[in-house]
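Asker: Submitted below is the structure of interest, expressed as structure tokens.
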Amino acid sequence: MLTNNLVESERLPVIHDVDVVVVGGGPAGVGATVTAAEMGLKTLLIEKYGFCGGSAVAGMSATICGLYLTHKQGQPNFPPKQIVGGFTKRFQEKLRENGGLTEPQLYGNTYLDVHETRVWKKTADELITQSGASILYHSYVVDIIKEETHIKGIVVATDNGMGIIKCKNVIDSSGNGIVAVMAGEDFTCGKDGVVQNPTIIFKLGNIDYNKFWDYYGKDTICHDEFSDKIRQAEKELGATLPRKKIWTFKAINDTELIVNATAINHDTEKLNMIYPEHFTYSEIEARKQLESYAEFFRKYIPGCENAFIGETSCEVGVRQTRSIKCKYTLKDEDVRDCKIFEDGIVKSSWPIELHRGEAPYLYWLEERYYEIPFSAFQPIKTSNLVVAGRCLSAEHAALASARVTAQCFEYGRAAAIGAYLAQKEGVALNEVDGKKVKQLM
Ligand SMILES: Cc1cc2nc3c(=O)[nH]c(=O)nc-3n(C[C@H](O)[C@H](O)[C@H](O)COP(=O)(O)OP(=O)(O)OC[C@H]3O[C@@H](n4cnc5c(N)ncnc54)[C@H](O)[C@@H]3O)c2cc1C
């Protein structure tokens with residue numbers, strides 16, 4: 001379905017001419033844009049929504065995962081120990097300064113920080129505009145202009161028509177690897193085409209907070225008795241409640257709950273949100289399913305008797321689509337064995353968190369971490385392109401750990417450092433020495 005319509009596209013007007021185009025303003029795109037501009041590159045971010053954040057904001061993921069070291073099972077009262085710095089720490093501190101981040105909340109054997117989407121958007125706007133980068137919101141990348149192995153320009157569609165952005169290098173932080181696919185790069189989708197299920201996240205208001213948290217406990221992952229209540233409600237209400245192990249977070253205002261519970265599956269189709277038919281089906285199912293979970297909370301959970309549904313994510317959240325085949329593919333064993341790389345650009349201690357079926361599969365690294373190498377972002381065929389974010393080259397279980405927000409910020413930063421080195425040294429971006437990127441991280 002995707003085309004590289006060179007002849008038609010070249011007739012369009014050139015609307016920008018920059019060093020680096022960043023496609024997609026999720027965590028990876030924001031990290032890339034700010035870093036590239038601050039390193040002196042003329043940088044333009046293109047985002048299809050009117051705000052940054054991607055799955056973290058449009059998908060209302062609610063938290064920054066991947067910040068802290070994971071601890072040993074059953075170790076009580078361990079303190080949060082942060083292992084990711086760089087742009088992630090800067091964004092985290094700015095979010096907190098802007099009043100949009102909670103203190104760390106317990107998640108199994110680790111912690112996460114809960115954010116407020118409105119403040120996330122504002123924080124991204126501030127950092128990007130202060131960096132000197134430009135943004136085009138409400139602009140959709142629909143095509144590229146490619147000459148042999150080189151992308152000469154990006155074609156965007158806006159309400160004012162279509163136009164070309166000429167560029168030296170491209171960072172594809174679209175989540176779906178859209179530019180890489182247009183450029184002819186190969187990709188995989190999950191395990192034999194089966195990807196993690198999407199989820200719509202929602203807030204519940206009018207909660208008796210003390211009563212609820214006394215029952216739910218400190219851990220944001222629900223306890224077994226809570227899961228049993230979901231099973232009971234499923235039988236008694238005849239409701240669609242496919243996921244039995246859910247996450248509930250304290251919102252920044254200390255009055256609402258943020259609920260990560262829904263799971264959109266399909267009996268026969270391998271649901272994949274790159275197909276508009278599947279995305280549409282999932283949006284409609286998700287909106288129905290969240291009402292069933294809200295009813296469950298009201299009828300079965302102490303403190304939620306008068307709860308109402310507040311904000312919902314503006315799209316069903318997409319965890320996984322394409323992984324672009326790059327020079328190195330992060331293996332499932334690399335994560336389980338905690339592999340360290342010569343070109344490792346960021347650490348991760350986040351568990352393998354695979355969303356599929358009744359309960360997400362969790363594999364904890366317990367006081368260990370692995371690294372993600374820069375070569376997992378360098379595509380094979382296109383000379384002036386890197387991918388950044390959840391479309392990195394990774395096997396299925398590896399991606400289920402490596403895809404979270406703290407690491408995505410740093411993937412973006414590494415991609416921008418790569419673009420800086422490519423321009424400074426006159427080398428192809430997909431040939432930049434990852435060890436040099438590591439040194440500058
Ligand atoms: C339901 C759900 C819950 C999650 N929970 C957590 C959590 O609690 N903590 C955590 O850390 N992570 C969580 N994640 C994961 C995390 O949010 C994502 O993995 C992360 O946001 C990925 O970042 P990214 O920058 O790679 O891509 P994305 O966040 O997907 O951003 C891609 C951006 O590109 C834009 N874009 C795409 N195509 C185009 C185009 N053609 N033209 C212009 N713009 C385009 C999109 O609009 C989007 O803004 C969750 C994800 C989901 C779906």
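Every read-out reported here was derived from the displayed coordinates using simple, explicitly stated rules and does not represent laboratory data. Just so you know, these numbers come straight off a predicted model, no measurement behind them. FYI the Cβ positions are ideal-geometry reconstructions off the backbone, even for glycines, and counts take in every protein chain you see.
Asker: Using the Cα centre of the chain as origin and beta-carbon charges of +1 (Lys, Arg) and -1 (Asp, Glu), tell me which of CYS65, THR262, LEU237 is placed farthest towards the positive end of the dipole.
Answerer: CYS65
Asker: Assuming R0 = 22 Å, can you tell me the calculated FRET efficiency for the pair ASP219 and ASN253, based on Cβ-Cβ distance, to the nearest 0.05?
Answerer: For R0 = 22 Å, the calculated efficiency reads 0.55.
Asker: Summing -39500 (n - 2.57) over the DSSP H runs of n ≥ 4 in the chain and dividing by its residue number, what mean residue ellipticity at 222 nm do you reach, to the nearest 500 deg cm²/dmol?
Answerer: My calculation for the chain gives -9500 deg cm²/dmol from helical runs alone.
Asker: Now a separate question. What is the Å³ per residue value for the convex hull set by the Cα atoms of the stretch 202-312?
Answerer: 111
Asker: Here is a further query. Using 0.36 nm times the number of residues separating ALA428 and LEU106, minus their current alpha carbon distance, what extension gain do you get?
Answerer: 111.6 nm
Asker: Enter the per residue convex hull volume of the chain, computed from alpha-carbon coordinates, in Å³ rounded to the nearest integer.
Answerer: Spread over its residues, the Cα hull of the chain gives 130 Å³ apiece.
Asker: Kindly state, to the nearest 0.05, the FRET efficiency for GLU366 paired with THR158, given R0 = 60 Å and r defined as their beta-carbon distance.
Answerer: Plugging the Cβ-Cβ distance into 1/(1 + (r/R0)^6) gives 0.80.
Asker: What is the order of TRP120, TRP247, TRP213, fewest Cβ neighbours within 10 Å to most?
Answerer: The order, fewest Cβ neighbours first, is TRP213, TRP247, TRP120.
Asker: About its Cα centre, how strong a charge dipole does the chain have in debye, to the nearest 20, once Lys and Arg get +1 and Asp and Glu get -1 at the Cβ?
Answerer: For this selection, approximately 480 debye.
Asker: I would also like to ask the following. Provide VAL14, VAL156 in ascending order of the number of other Cβ atoms located within 10 Å of each residue's Cβ, fewest first.
Answerer: Result, fewest neighbours first: VAL14, VAL156.
Asker: If packing is taken as the mean number of other Cβ atoms within 10 Å per residue, what is the order of 309-315, 82-88, highest first?
Answerer: Highest to lowest by the protection proxy: 82-88, 309-315.
Asker: Quote the relative contact order of the chain in percent (integer), defining contacts as alpha-carbon pairs under 8 Å separated by 6+ residues.
Answerer: Averaging sequence separation for qualifying contacts and normalising by length gives 23 percent for the chain.
Asker: Now for a different question. Could you list ILE15, ILE246, ILE340 in order of exposure, starting from the residue whose Cβ has the fewest other Cβ atoms within 10 Å?
Answerer: So the residues, fewest neighbours to most, are ILE340, ILE15, ILE246.
Asker: To continue, here is another question. TYR275 to HIS150: FRET efficiency via 1/(1 + (r/R0)^6), r the Cβ-Cβ distance, R0 41 Å, to the nearest 0.05?
Answerer: It comes out at approximately 0.85.
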